[in-house]
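The values are calculated or read from the model by the stated rules, or taken from the named source; none is laboratory data. Here the structure is a predicted model, which means the values were calculated and not measured. All Cβ positions, glycine included, derive from the backbone under ideal geometry; neighbour counts span all protein chains shown.
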């Protein structure tokens, strides 16, 4: 329910609202963590976390069930899942469904079940959301469903998540059409199960 931000005007009809994928960087460019418009107000704060994400780095494992090293006790998530797919579904459903009234709480909830860069991003986003007056003024809300969760066949250790989402609100956010979004995710193995450690929105 990532990273608030101040939403900008929606792009004109027919115009692309999402960045084109850049060149891979080990194997993915972790700087591309936000959409060009902030209809999901979680992503602006990820720009500030660019350096943190790069320092944490990527595991580049060859098996989708191979995860980042086990996290330290301070990073232990409040809730884990038995399988990587279940952990991703839990995050994706919370990430895609929020209102301007619940967003900050939703972001903290996501942080509590994540580790590493994913946790840091949601904690930062929750702080930013408290000062974002645009969300309440436009009464912005987002709803979505998960269409697909599958291992990335090109880059081991990553998962590809596809969702269909719709953002509603007043003024310029009224009447926006639903859209499809792609997110890249990595998992970490903990003593109790699996938790998301990287959550990178691509579109």
Considering only residues that are surrounded by fewer than 16 Cβ atoms within 10 Å (Cβ to Cβ) and modelled with pLDDT of 95 or more, which ones fall in region 183-203?
none
In region 122-158, the residues that are within 19 Å of residue 97 (Cβ to Cβ) and touching a strand residue (DSSP E or B) at 6+ places or on another chain (Cβ under 7 Å)
122, 140, 141, 142, 143, 144, 145, 146, 147, 148, 149
If I filter region 84-106 down to residues being buried (at least 21 other Cβ atoms within 10 Å of the Cβ) and more than 19 Å from residue 167 (Cβ to Cβ), which single residue comes out as nearest to the chain's Cα centre (by Cα)?
88
